[in-house]
Amino acid sequence: MDETALGREARPASASSATGRRDGRVHGTPAPEYGEYAPEGWVNPVLVEQERQAAEDRRRDDAQRQDAVTRRAPDPTRPGPDGRDVRRTHEPGSPRGSSAAPTSASTSPYGASRLDFVLTVGLLFVGLWSVFGALSTGMVASVTREYVAGQFGEMSSPAALSSAAVVRVVILAVVFALVAWWSVRRLRARRWTFWVPLVGGVVASALGAVPMLVVVFQDPAVQEAIRRASGG
């Protein structure tokens, strides 16, 4: 029966008819791309995976190139085929790749140079020997008493020299400890150090003589001898 006769509107054939496309689109309209109608902020997971894979491939290639360079480079810590050190030192003005004498041949691991190290250790040894020699307080007091007797006559209280000799030992030991500590610090810093024991020896001698001089010049017999000598 004719649809017009029944009061219905005539419509074109469906797109899924024999002459239309099976996907229901109008003939001639291009299909949308993947994700074309996606909401705002949507990211194509296929592109993300492709970018991640490309970045991983680049990292792998860089790691392989670095590993190849490392294998080709010689190890400076291993000896060469002839047993000699393969490390080279290039100095300004010398041909590149030429071997140079190692720095340890002219320098010392401690002090500014080997000479500085030897002098410092030797002077410290002399200072230590002086401290041990001062431990014989009886001998120091006896020598001082004999010297004073030859210059001014016999002392009224020669026993006080023994106490002064003990104080002298303490002063020498303290000064030597400070000098040794400072010298070791400077040696480790590779600085000139030989002058430190020299200055320390002068300071120790001056300070160590103070208690002995105080006892001698406070003795009444010595003071009387000095007044007679000066004509007072």
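Can you go through Glu51, Glu40 and tell me which one is at pLDDT 75 or above and open to solvent by 100 Å² or more (accessible area, probe 1.4 Å)?
After applying the criteria, what remains is Glu51.
Could you tell me whether Arg227 is open to solvent by 80 Å² or more (accessible area, probe 1.4 Å) and within 30 Å of Thr120 (Cβ to Cβ)?
Working: open to solvent by 80 Å² or more (accessible area, probe 1.4 Å): yes; within 30 Å of Thr120 (Cβ to Cβ): no.
Spelling it out, it is not the case that Arg227 is open to solvent by 80 Å² or more (accessible area, probe 1.4 Å) and within 30 Å of Thr120 (Cβ to Cβ).
Quick one: how many residues across the stretch 107-140 are farther than 30 Å from Ala160 by Cβ and in a helix (DSSP H, G or I)?
Within the stretch 107-140, the first condition is being farther than 30 Å from Ala160 by Cβ, and the residues that meet it are 107-125.
Retained after the next criterion (residues that are in a helix (DSSP H, G or I)): 114-125.
Matching residues across the stretch 107-140 total 12.
May I ask you to list the residues in the stretch 107-133 that are surrounded by 17 or more Cβ atoms within 10 Å (Cβ to Cβ) and either at pLDDT below 90 or in contact with a strand residue (DSSP E or B) (Cβ under 8 Å, 6 or more places away or on another chain) (or both)?
Answer for the stretch 107-133, where residues must be surrounded by 17 or more Cβ atoms within 10 Å (Cβ to Cβ) and either at pLDDT below 90 or in contact with a strand residue (DSSP E or B) (Cβ under 8 Å, 6 or more places away or on another chain) (or both): Tyr110, Gly111, Ala112.
Within the stretch 139-162, identify whether any single residue is open to solvent by 40 Å² or more (accessible area, probe 1.4 Å), touching a Ser or Thr at 6+ places or on another chain (Cβ under 7 Å) and not hydroxyl-bearing (Ser, Thr, Tyr), and answer yes or no.
For the stretch 139-162, residues open to solvent by 40 Å² or more (accessible area, probe 1.4 Å), touching a Ser or Thr at 6+ places or on another chain (Cβ under 7 Å) and not hydroxyl-bearing (Ser, Thr, Tyr): absent.
Identify the single condition in (1) touching a residue at least 24 places away in the same chain (Cβ under 8 Å); (2) more than 30 Å from Ser113 (Cβ to Cβ); (3) open to solvent by less than 60 Å² (accessible area, probe 1.4 Å) that Val214 does not satisfy, given that it satisfies every other one.
With respect to (1) touching a residue at least 24 places away in the same chain (Cβ under 8 Å); (2) more than 30 Å from Ser113 (Cβ to Cβ); (3) open to solvent by less than 60 Å² (accessible area, probe 1.4 Å), Val214 is out only on (3).
Looking at the stretch 153-178 only, could you name the residues that are of a type outside the set (A, V, I, L, M, F, W, C) and within 54 Å of the chain's Cα centre (by Cα)?
Listed by number, the residues that qualify are Ser162, Ser163, Arg168.
Could you list all residues from the stretch 157-184 that are of a type in the set (Val, Ile, Thr) and either outside any helix (DSSP H, G or I) or without any contact (Cβ under 8 Å) to a residue 40 or more places away in the chain (or both)?
Step one: of the stretch 157-184, the residues of a type in the set (Val, Ile, Thr) are 166-167, 169-171, 174-175, 179, 184.
Within the stretch 157-184, Val166, Val169, Val170, Val174, Val175, Val184 qualify.
For the stretch 185-232, give me the residue count where each residue is among the β-branched types (Val, Ile, Thr) and in a loop (DSSP other than H, G, I, E, B).
Pass one, the stretch 185-232, residues among the β-branched types (Val, Ile, Thr): 193, 196, 199, 202-203, 210, 214-216, 222, 226.
Narrowing further to those that are in a loop (DSSP other than H, G, I, E, B): 193.
Of the residues in that region, 1 qualify.
Out of all the residues in the stretch 185-201, is one or more touching an Asp or Glu at 6+ places or on another chain (Cβ under 7 Å) and open to solvent by 60 Å² or more (accessible area, probe 1.4 Å)?
Yes, the stretch 185-201 contains a residue that is touching an Asp or Glu at 6+ places or on another chain (Cβ under 7 Å) and open to solvent by 60 Å² or more (accessible area, probe 1.4 Å).
The values are calculated or read from the model by the stated rules, or taken from the named source; none is laboratory data. The shown structure was predicted, so the numbers you read here are calculated from the model rather than taken from an experiment. So basically every Cβ, Gly included, is an ideal-geometry build from the backbone, and we count neighbours across all protein chains shown. Ligands, DNA and RNA are excluded from the accessible area calculation, which covers all protein heavy atoms including side chains. Shrake-Rupley method; radii C 1.70, N 1.55, O 1.52, S 1.80 Å.
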